[in-house]
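The values are calculated or read from the model by the stated rules, or taken from the named source; none is laboratory data. Quantities reported herein were computed from a predicted structural model and do not represent experimental measurements. We place every Cβ from the backbone using ideal geometry, glycine too, and count neighbours over all the protein chains shown.
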Amino acid sequence: AAKTKDEDKLYKRDGVLYSTILSPPETMDKLKDLEVRDDDVVLVAYPKCGFNWVVAVLRKIMNASTGKNEAPPERPPLVEFLPPDVQQTLSEMPSRRLLGTHLHPDNMPASFFSRKPKILVIFRNPKDTLVSYFHFMNKNPVLPSAEPWDKFYSDFMSGEVPWGSYFDHALAWEKLIDDPKVMIVMYEELKQNLPEEVKKISEFFGFPLTEEQVNSIAEQSTFRAMLETSNKSHGNLGSVFFRKGEVGDWKNLFSEDQSKQMDEVFHSKMAGTKLGAQMNT
Ligand code: A3P
């Protein structure tokens, strides 16, 4: 990865940027055939909305409830990171599988919607998502540097970042917000009341837990607890994936004008929507 030049680290497919190293065209081509099962546990999140956090929560929920969890061997377990031969082995994996993706619903394999598994979607306020993305791009060797900040800010606003536009993702999930097979949870809600959200998530997927199990999972899933074990879970990228874990860090990078512009764009796209009402900029 270090040897790949920054300008070669991303490529465009159907108008969206992807990682050349992690999601090359052959991986994306093969993904179209992915056979999703109706009992799969599916986690979807736009990058930097807390995917790795909730993956860990889901693994713990599945372990506590069934004594096991089945997930693709990749870290993080995103289907678009699985090389074709690994995608092939997914069909031999016992149920219930944990499958994740950062893909826009339009670009997710069709069987995610025809087989109708339950899908948990994580969102986070767009300003903190952008700031988290900026730091992540700068520290992750498979992605190009995001410097300077003002350029990355405008790239994010126009969707010229890996996996595309935050707002396109939000508007696509907004359309599915009343689908009983879809549950949308905010990063900020997880921060505010983790035990309650752990309980809701476990009930949504049908993994009954005792109150003691819920509380223990929440305690093991705080930012601090996850940072401590991040070397084990994420190798030398531990502190890159678990950077700060706070609400409102955007204030350290956004100019007043950028904040105002983001509020306006957010309002023009999301005003009057149910999802917009759950999000705070
Ligand atoms: P920051 O960069 O703001 O710290 P993803 O997993 O989707 O890449 O999201 C990464 C973001 O989630 C990072 O945000 C990371 O710190 C945060 N995060 C990870 N685990 C967390 C936890 N247990 N509690 C709060 N935030 C967490």
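What the table shows:
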{"item": "Flag for residue 8 being free of Cβ contacts under 8 Å to residues at least 60 places away in the same chain and either away from the ligand (no atom under 16 Å from the Cβ) or farther than 22 Å from residue 234 by Cα (or both)", "result": "yes"}
{"item": "The stretch 81-136 - residue that is within 16 Å of the ligand (Cβ to nearest atom) and assigned to a loop (DSSP other than H, G, I, E, B) and, of those, surrounded by the most Cβ atoms within 10 Å (Cβ to Cβ)", "result": "124"}
{"item": "Lone unmet requirement of (1) within 13 Å of the ligand (Cβ to nearest atom); (2) surrounded by 14 or more Cβ atoms within 10 Å (Cβ to Cβ); (3) of a type outside the set (A, V, I, L, M) for residue 251", "result": "(2)"}
{"item": "All positions within the stretch 200-220 that are within 18 Å of residue 50 (Cα to Cα) and buried (at least 20 other Cβ atoms within 10 Å of the Cβ)", "result": "201, 202, 217, 218"}
{"item": "Matching option when the condition is in a loop (DSSP other than H, G, I, E, B), more than 30 Å from residue 5 (Cα to Cα) and within 12 Å of the ligand (Cβ to nearest atom), among 246, 188", "result": "246"}
{"item": "Single condition residue 166 does not satisfy, out of (1) among the hydroxyl-bearing types (Ser, Thr, Tyr); (2) surrounded by fewer than 21 Cβ atoms within 10 Å (Cβ to Cβ); (3) farther than 29 Å from residue 39 by Cβ", "result": "(2)"}
{"item": "Complete set of residues in the stretch 23-51 that are surrounded by fewer than 19 Cβ atoms within 10 Å (Cβ to Cβ) and touching a residue at least 60 places away in the same chain (Cβ under 8 Å)", "result": "32, 33, 35, 37, 38, 39"}
{"item": "Pairs where the first residue, in the stretch 230-254, is closer than 15 Å to residue 56 by Cα and of a type in the set (Phe, Trp, Tyr) and the second is at pLDDT 95 or above and near the ligand (Cβ under 9 Å from one of its atoms), C-beta under 6 Å, 6+ apart", "result": "241/52; 242/226; 242/227"}
{"item": "Any hit, the stretch 210-223, residues being in a helix (DSSP H, G or I), in contact (Cβ under 8 Å) with a residue 24 or more places away in the chain and away from the ligand (no atom under 15 Å from the Cβ)", "result": "yes"}
{"item": "Qualifying residues in the stretch 142-158 (those that are touching a residue at least 60 places away in the same chain (Cβ under 8 Å) and surrounded by 15 or more Cβ atoms within 10 Å (Cβ to Cβ)) - the one farthest from the chain's Cα centre (by Cα)", "result": "149"}
